[in-house]
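Just so it is clear, none of the values below were taken in a lab; they were calculated from the coordinates. Quantities reported herein were computed from a predicted structural model and do not represent experimental measurements. Virtual Cβ from ideal backbone geometry, glycine too; neighbours counted across all protein chains shown.
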Amino acid sequence: MNKPFNSQAWGQRYKVMGDTAESSFETIHPHAHRMGINRPNFSIAALSQLLRHTPDYLLPNGFYEVMGVSSRTKDATLKLKFEKLHSLKQWTLFGDGYLWVWDSNKKRYWCASIDEWEHACAFHASVKYFDDNNKPYWDLPILHFPCEPTTGIDLANA
């Protein structure tokens with residue numbers, strides 16, 4: 001029996017992290033242009049923070065960072081790294097930016113501007129720290145996401 005994603009070892013999670021959300025985004029937006037770094041076969045630790053957090057996709061109205069969340073538990077949250085949010089804010093100097101969050105459990109998504117996500121974090125998220133590196137992140141409950149989700153997604157016919 002497979003362990004739930006959040007209880008798997010880091011190495012196992014890293015191999016597929018974001019794949020479900022990104023493939024859902026690509027199904028809904030088949031003409032999106034890929035921008036972001038996607039698990040290269042080398043360490044990106046020496047790259048600048050801005051490059052490490054290049055947004056995932058570009059559409060005519062701006063760039064999109066894609067993340068995943070699962071509403072399997074009633075207290076589900078989005079874990080948004082401080083450094084990722086800071087970098088995405090810097091990217092908005094070049095154009096409009098959006099965070100697109102996919103709920104793999106209920107097949108729905110939220111999409112709002114980076115500024116709206118930042119505001120939601122400032123007012124509704126807790127500050128927590130990752131166990132492996134002690135880096136801070138915003139722990140934002142689904143109930144406080146900055147917009148209503150888009151529901152009724154049929155990925156097979158998107």
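Numerical summary
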{"quantity": "Footprinting exposure proxy for I28, I114, I142 (fewest neighbouring C-beta atoms within 10 Å first)", "calculated": "I28, I142, I114"}
{"quantity": "Computed magnitude of the charge dipole of the stretch 5-157 (debye, nearest 20; Cβ of K, R +1, Cβ of D, E -1)", "calculated": "420 debye"}
{"quantity": "Karplus-derived HN-Hα couplings along the stretch 136-151 (A = 6.51, B = -1.76, C = 1.60, θ = phi - 60°), whole Hz, x at Gly and Pro", "calculated": "x, 8, 7, 10, 9, x, 3, 4, 10, 4, x, 7, 7, x, 8, 10"}
{"quantity": "Gain on full stretching of the segment that runs from N41 to T73 - 0.36 nm per residue minus C-alpha separation", "calculated": "8.2 nm"}
{"quantity": "Summed side-chain charge close to R34 - residues other than R34 whose Cβ falls under 12 Å, Lys, Arg +1, Asp, Glu -1", "calculated": "-3"}
{"quantity": "Candidates F63, F130, F82, ranked by Gaussian network fluctuation over the chain, Cα under 10 Å, top entry", "calculated": "F130"}
{"quantity": "Diffusion constant of the stretch 5-157 at 4 °C, which comes from Stokes-Einstein with the Kirkwood Cα-pair radius and 1.567 mPa s, µm²/s", "calculated": "81 µm²/s"}
